[in-house]
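The values are calculated or read from the model by the stated rules, or taken from the named source; none is laboratory data. These numbers were taken from a predicted model, which means no experiment stands behind them. Glycine also receives a Cβ, built like all others from the backbone with ideal geometry; neighbour counts cover every protein chain displayed. Areas reflect the complete protein model, heavy atoms only, side chains present, ligands, DNA and RNA absent. Shrake-Rupley method; radii C 1.70, N 1.55, O 1.52, S 1.80 Å.
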Amino acid sequence: MAATNISDKSPLVNDDSDANAISHYSSLSINPDIEAKKRLTPPTPPTTPPSLLPSGRLHTRLSLLCILFCELCERLTFYSISGNLVLFCTSELGFTSDSAATISLVFSGTAFFSPVFGGWFADSIAGKYNTIYGGLLVYIIGAALLPIISIHYEDINPNLSLSDSAKQGYFIFALVTIAIGTGGIKANVGPFGAQQLDNAGEKAVQIFFNWFYWFINVGTVLSFSFVVFVQQTYGFALGYTIPAVSIVISLVLLLVGKTLYILRPPEGSPMTTVTKVVVSGVSQCGHPNETDPEPDTVESCIDHVKERHGGMFPDQTVEDVKTLGGILPIFATIIFYWTVNFQTQTTFILQGERLKLKYGEFTLPVASLNLFSSISILLLIPVVDRLIYPVFEELGKPLKLLQRIGIGMVLVSIAAVIAAIVEMSRKNIMQEGGWEVQILAGESFNASTLSVFVQIPEYMLVGASEVFTSIAGLEFAYSQSPTYMQGIVMGMWLATIGLGNYVGSLYVTIVNSVTRELGVVWFPDEINDGYLEYYFFLIAGINLIDFGIFLLIAKRYNYVKQNDPDIDTMTDREGERTRELGTDQRIQ
């Protein structure tokens, strides 16, 4: 008998019946060992008060709206702080261009790497809601400190002032607290939203993540339009007050929805179990047994710790660890994608400062070009969701998650090549006498008369690449991991963004070190005297090589879950039979 289409009963999809909505408030009690022995367990009551359960679909919509707008405000704050960070460092704090780029990359890297610990903390100690709440409180401290150090106290009272070194110290402290706070939020807010859709079907989760990313980019648009304009025109004291207020609003929104959420207590971090399985498995290498006399791979070694092979771990626990082992190589290749992606907040900004920004009496905020990246995302998400993906499905060749990720990796490489071409054109025009002095946030730049709008294609291609790589990556991290590992895996996905930023800062250091020895610095303090185009070609080339490696890994990857509208199936990684399940419970 055909299974019921669960996705049709999502609270995010038109549905005239609320009968199934109550099932959203059931959660599965999950523990790594229990999960290993019994894949599906009976529903257990959520921590949401029973009196709220009958409200059904509307109740779920309201909880999701609180989460989505909470994330919108948090992203508005983050990108309002990071968007003009390079300009703030050079104009207000006295850092050089390469140092400012490094600070921006390290800050973004730490902010996206810290979710690894945020996911662990939520899973093992505090739970998702409490970790998000605590992260916002820490976040507020750093966000409130930035406008304080941006005030020119000497203009108010000649006896009051902050030295550059003092400002730099408070500035670094603020960035550290913001990065820590971000870690508590980013690893958990997406899964926390998806948690509100228990038993709603894979389609509902996919729709949620699409809208989740859409709300992120609404916040990004606001930050790269209104906020960066205020910062560049009226100063950073006012410009950094706006994101400080926004993060407070984010906290209020989270608290408003507290009685609406499905809350789960921490179930224990799976990392302890994972570590024990890996260590025990590796120790088996070189110790043959009846099943595999000569184990020669880590995977075959890990198989030895299964109970059925005389080991100490349940078979399913070992299979889940092997699933994680299949995900990590994919994540590793995506690191280099993010290295190129985050050039929009560093080298693209430095390039834009030296392109024509002044039109009549109006000076375009240099960071506002990031708007075109966000606009590209906002326009393309509905197109791929309603047109491109359905067309491939109708043709019988649906684009798999890894195929979507690969498309984005190619697009971002093209963006870097275009940035290199723009850089060569910009300098050629300057050499022919087409240049002028323009002032941004009190700092003077020798700029080409070439319009800054020539950067639009590179920004829009980066945005388009995110629609494929980033959204598919989020869904990949959520759908391909065992339920009790989702917080950690989502944190690891965000860690690829952080590591990509760290790699970017390492690129700057290595490139400057090597080229300085050769007597031709590619990335000097004044990029008019350097060869930034070579840097763009370099990172594009590295990313394309990485894409080739990604293809080899993706070709061998076996999807853990394969869902169609009528049945949920799971392909056993050992090549065993595919199991068809009933509809009221999902594979966890």
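Taken along the Cα-to-beta-carbon direction at a fixed 7 Å, the label points for Asp525 and Leu137 span 4.3 nm.
Label-to-label distance, Leu551 versus Asn428, with points set 7 angstrom from Cα along the beta-carbon direction: 3.0 nm. Backbone N atoms of the stretch 522-537 closer than 15 Å to the 7 Å Cα→Cβ label point of Ser165 are not found in any residue. Among the listed pairs Lys203/Lys397; Lys128/Lys258; Lys322/Lys397; Lys322/Lys400; Lys186/Lys306; Lys258/Lys400, a Cα-Cα separation exceeding 24 Å is found for Lys322/Lys397; Lys186/Lys306; Lys258/Lys400. Once the C-beta distance of Leu538 and Thr96 is scaled by a Förster radius of 22 Å, the resulting FRET efficiency is 0.60 to the nearest 0.05.
For the stretch 69-160, the solvent-accessible area works out to 32 Å² per residue, with a probe of 1.4 Å and every protein chain left in place. Sorting 469-476, 265-272, 420-427 by average packing, meaning the other beta carbons within 10 Å per residue, from highest down gives 469-476, 420-427, 265-272. Across the accessible surface of the stretch 155-259, with the other protein chains kept in place and a 1.4 Å probe, carbon and sulfur atoms take up 70 percent.
Between Leu58 and Leu238, the distance separating the two model label sites (each 7 Å from Cα on the Cα→Cβ line) works out to 4.2 nm. Quick one: if the Förster radius is 45 Å, what FRET efficiency do Ile172 and Met312 give, using the C-beta to C-beta distance and rounding to 0.05? For R0 = 45 Å, the calculated efficiency reads 0.45. List the residues of the stretch 164-193 whose backbone N lies under 15 Å from a point placed 7 Å from the Cα of Glu154 along the Cα-to-Cβ direction. Under 15 Å, as judged by backbone N against the label point of Glu154, lie 164-168 of the stretch 164-193.
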